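J.: Before I ask anything, here is the structure I am working with.
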Amino acid sequence: SNSEYPDGLLLPDTAPKGDALYLNYSYGSRNWRASAAHTDIDPGFRSDLGFITQVGYRKDLVGGGHTWFTPKGSAITRVEFNGDWDITHRYDGLLLEREVEGYLSMRAPRQGYYELGGGNRNRFWNGQYFEEDFYTFYFEVTPLAPLKVGGNFQGGDQLDLLASRVGSLVDVEPFVELDVGRGVNINLHYTWQALDRDGGTAYDAKVTDARVSWQFDPRQRLRLSVQASDITRDQALYTVPVMQHARDVAAQVLYSYKVNPRTAFYAGYSEGGYSDDQVRDIFSNTRSVFLKVSYAWQPG
């Protein structure tokens, strides 16, 4: 890439340029799989209209896995192990991160999927290195035809980037999906995350995401979504100013009509609000009405 930026932006380099390289090799068979990847992005590379959020680093990754198929008729149909090791350096050779992780999973009756994993991470942040040991557990199962339940759980060490301190993390994320009748779907997702360190709870965060959709017919669909978050921080555990309490609430109603496989109309209304240490009650700060037309075509 070769870029030019206006002088008024006060950037240290208004004409950066650089290269980006990505190499990947993968192998797969019925029981075995393996992969290796290398990424090298110069500090001057820019992709402002793309999806590259970090430059000036080199990353190498090696991974693989194995699948065991159980005899026909077994309750557990297969067991899999997957893992990888990766290391990332800054463009000048400084180690940014080294991580190893592995996951053991199995597929069980009632469309059940269970995964247990963990790993170790050593990363550079704010002029020093931090080590994190973490573990995860994920599951999903369909106890009844219209109902799916599951959850993701994570624990271990977690770096608080704002304070540059490592604490003990608890992350619980249950979810429920329910089909009511032929066209109504309810999706509930809840997240609770807390980080304990230095004799207290640095932060406690709760996020709720609820969505209800109604498919009238093959062409029309109505969806209502509500998202809310509630975050509490212990100001005594931070050396920089932080909000003790913050809440956000947002809701949206979206109607869609599909004219044909290539054309669709969308209309909706959304509203959001927040509260914090200065604004005690929920204050509505965003409100919008929108209309969107989507059309795709293929040259003949």
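The values are calculated or read from the model by the stated rules, or taken from the named source; none is laboratory data. As the structure is a prediction and not an experimental result, all values here were calculated from the model. Heads up, the Cβs are rebuilt from the backbone with ideal geometry, glycines too, and the neighbour counts pull from every protein chain shown. In case anyone asks, the SASA skips ligands and DNA or RNA and just uses the protein heavy atoms, side chains included. Shrake-Rupley method; radii C 1.70, N 1.55, O 1.52, S 1.80 Å.
J.: Once fully extended, how much extra length lies between K17 and L61, figured as 0.36 nm per residue of separation less the alpha-carbon to alpha-carbon distance? List each step's numbers first, then the result.
T.: Numbers: separation 44, 0.36 × 44 = 15.84 nm, distance 2.58 nm.
Taking K17 through L61 to full extension adds about 13.3 nm, to one decimal.
J.: Separation of the range 162-214 and the range 116-157 by C-alpha centroid, Å?
T.: Their Cα centres are 13 Å away from one another.
J.: A further question on this structure: Using a basic spin-label model with each label point 7 Å from the Cα along Cα→Cβ, how many nm lie between S213 and N31?
T.: 4.0 nm
J.: For a protection proxy built on the mean count of beta-carbon atoms within 10 angstrom, sort 231-243, 22-34 highest first, please.
T.: Most protected by this proxy first, the peptides run 231-243, 22-34.
J.: Please compare each pair in K148/K206; K72/K148; K206/K292 to a cut-off of 29 Å on the Cα-Cα distance and tell me which ones are over it. Numbers along the way, then the final one.
T.: On the way: K148/K206 22 Å; K72/K148 25 Å; K206/K292 32 Å.
Distance filter (> 29 Å) returns K206/K292.
J.: Need one word for the range 1-81: rounded, prolate or oblate. Basis is the Cα gyration tensor (sqrt eigenvalues a ≥ b ≥ c); a/c below 1.5 gives rounded, then a/b vs b/c decides.
T.: Working: a/c = 5.33, a/b = 3.54, b/c = 1.51.
Prolate shape, in that a/c is at least 1.5 and a/b is the bigger ratio.
J.: How many percent of the accessible area of the chain is carbon or sulfur, using a 1.4 Å probe?
T.: Numbers: 10920 of 19250 Å².
Accessible surface attributable to carbon and sulfur in the chain totals 57 percent.
J.: Sorted from largest down, give the three principal axis spans of the alpha carbons of the chain, whole angstrom values.
T.: 62, 61, 59
J.: Sort out for me the Cα centre separation of the range 218-261 from the range 1-25, rounded to whole Å.
T.: Their Cα centres are 34 Å away from one another.
J.: Once R0 is set to 22 Å, what does the formula 1/(1 + (r/R0)^6) return for the Cβ-Cβ distance between Q227 and V184, expressed as a FRET efficiency to the nearest 0.05? Before the final figure, lay out the partial values.
T.: Numbers: r = 20 Å, r/R0 = 0.90.
Result of the calculation: an efficiency of 0.65.
J.: Where Lys and Arg each count +1 and Asp and Glu each count -1, what net charge lies around Y269 among other residues with Cβ under 15 Å from its Cβ?
T.: Taking every other residue near Y269 into account, the sum is +2.
J.: For Cα pairs less than 8 Å apart in space and 6+ apart in sequence, what is the mean separation divided by the residue count of the range 6-73, i.e. the relative contact order in percent?
T.: Values: 102 pairs, mean separation 20.4, N = 68.
Value for the range 6-73: 30 percent.
J.: Taking the Cβ of H245 as the center, what net charge do the other residues with Cβ under 14 Å away carry, scoring Lys and Arg +1 and Asp and Glu -1? Walk me through the numbers before you get to the answer.
T.: On the way: positive: K206, R233, R247, R280; negative: D204, D230, D234, D248, D276, D277, D281.
It works out to a net charge of -3.
J.: Net charge near Y5, counting Lys/Arg +1 and Asp/Glu -1 over other residues with Cβ under 13 Å of its Cβ? Can you show the working numbers first?
T.: On the way: positive: K17, R46; negative: E4, D7, D13, D48.
The answer is -2.
J.: About the Cα centre of the chain, what is the dipole size in debye to 20, counting +1 per Lys and Arg Cβ and -1 per Asp and Glu Cβ, all else neutral? Working shown, then result.
T.: On the way: 30 positive and 38 negative charges, 347 e Å.
Taking the Cα centre of the chain as origin, the dipole is about 1660 debye.
J.: Pop the C-beta distance of S284 and L95 into the FRET formula with R0 = 45 Å and round what comes out to the nearest 0.05. Show your work: numbers first, answer last.
T.: Working: r = 47 Å, r/R0 = 1.04.
The calculated FRET efficiency here is 0.45.
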